[in-house]
Amino acid sequence: MKVLNFGSCNIDYVYQMEHFIRPGETAPCTALSVGCGGKGLNQSIALAKAGVEVYHAGLYGTEGRFLLDKMQEAGVDTSLMRLGEGANGHAIIQVERSGQNCIILYGGTNRQITQEYVDEALSHFEAGDVLVLQNEINNMPYLMKKAHERGLRIAFNAAPFGQEVLSYPLETVTWLIVNEVEGAGLSGKTDYEEIAEALAEQYPGMRIMLTMGKSGCLYKGNGETVRLGACHVDAVDTTAAGDTFIGYFVRGIVQNLSVRDTLRQATVASAIAVTRPGAADAVPALREVLASPLLETI
């Protein structure tokens, strides 16, 4: 069984500011950092660090070569990635003194996925393999339909959520992974239990994975409902929490772990990640998760 993550890779430009820039204002930043980002890249690195053999497909710009290097260092196979035209996808992030941020996201090469490229990438996979998707690239309906036709099982993280997601062929999805915002957008409900119940009724046969932050997580599907609390840690940076959880959740799928063991390991991995700064760099290795005393607390 192979895992393909067809997703975004971004360059993050993070500017530390005393306050957010106001209209007409010019102000200096106190620090600038440039790093790797994008939900696709983060989840591929999380999968690799979880011990999964993962292939990443997507487009990058000429200035984004270091993103491939970063994934390769973590153990991701980038042989299916291709050079796009123009600028790499990137985010311009202002972080003010209080820690609040505002983000400008530029799709760039992430929005240049062609149907021909989709067909080429999928040709290397077969029925029973797993396709991991997020909502930061274009041509999603075509990608879902073609993967489904080949018999791939799809794990879809509906983030960032937009109304276009409602028009996707979600009946092709095996595992739908959402937080409360994405779940509410898809179901029209706000209560966690109601979100999971509504999605399960709306998409029979789909496994619903609802992440709930400090409230833990809730899985519903295939006649099974499992709810797990969160680990209590001192968070430093929550950026990598969701992507880390997804990487370890898919590991559980690949390893045929029970739902409860899968959720325990994904929850602990996510808890370790938030105690560290950064995104991809914060994801723990599998050995750290399996050796963590946090496993005994949930």
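Summary table
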item: Anchor LYS146: lysines whose Cα lies under 24 Å away (excluding residues fewer than 8 positions away in-chain); result: LYS2, LYS39
item: THR190-VAL236 FRET efficiency (beta carbon distance; Förster radius 25 Å; 0.05 resolution); result: 0.30
item: Inverse of mean 1/r across different Cα pairs in segment 206-298, Kirkwood, Å; result: 13.1
item: Rg and Dmax [Cα atoms of segment 140-298; Å; Rg one decimal, Dmax integer]; result: 15.4, 45
item: LYS145 accessible area, 1.4 Å probe, all protein chains in place, Å² to nearest 10; result: 110
item: Distance from segment 125-190 to segment 1-68 (C-alpha centre basis), Å; result: 21
item: Reach of LYS70 by Cα under 17 Å, taken over aspartates and glutamates that are not fewer than 8 positions away in the same chain; result: ASP12, GLU53, ASP243, ASP281
item: Amide proton proximity set for GLY216, modelled H, under 5 Å, gap of 5+; result: ALA230
item: LEU83 accessible area, 1.4 Å probe, all protein chains in place, Å² to nearest 10; result: 100
item: Beta bridge orientation in segment 13-104: antiparallel %, DSSP, nearest 5; result: 55
item: Whole-number percent relative contact order across segment 99-195, with pairs defined as alpha carbons under 8 Å at least 6 apart; result: 22
item: Contact order normalised by residue count of the chain, Cα under 8 Å, 6+ apart, percent; result: 16
item: Around THR174: net Lys/Arg minus Asp/Glu count, Cβ-Cβ under 12 Å; result: 0
item: Extent along principal axes [Cα atoms of segment 1-90; Å; largest to smallest]; result: 54, 30, 18
item: Cβ-based net charge around GLN43, under 11 Å, with every Lys or Arg adding one and every Asp or Glu removing one; result: 0
item: Taking N as its residue count, the alpha carbon Rg of segment 139-200 over 2.2 N^0.38 Å; result: 1.12
item: Quarter of Cα convex hull surface for the chain, i.e. mean projection, nm²; result: 15.5
item: Once exposed loop GluC sites (Glu not before Pro) are cut out (DSSP; at most 12 other Cβ, 10 Å), longest piece of the chain; result: 127-298
item: Using a Förster distance of 35 Å, the FRET efficiency for PHE66-ASP261 (Cβ separation, nearest 0.05); result: 0.45
item: Sites ILE104 and SER33, calculated FRET efficiency, Cβ-Cβ separation with R0 25 Å, nearest 0.05; result: 0.95
item: Semi-axes of the equivalent ellipsoid for segment 202-259, Cα gyration tensor, largest first, Å; result: 22, 14, 11
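The values are calculated or read from the model by the stated rules, or taken from the named source; none is laboratory data. Just so it is clear, the structure is predicted and the values come from calculations on it, not from any experiment. For neighbour counting, all protein chains shown are included, and Cβ atoms are generated from backbone atoms with ideal geometry for every residue, glycine included. Surface accessibility is based on the protein's heavy atoms, side chains included, excluding ligands, DNA and RNA. Shrake-Rupley method; radii C 1.70, N 1.55, O 1.52, S 1.80 Å.
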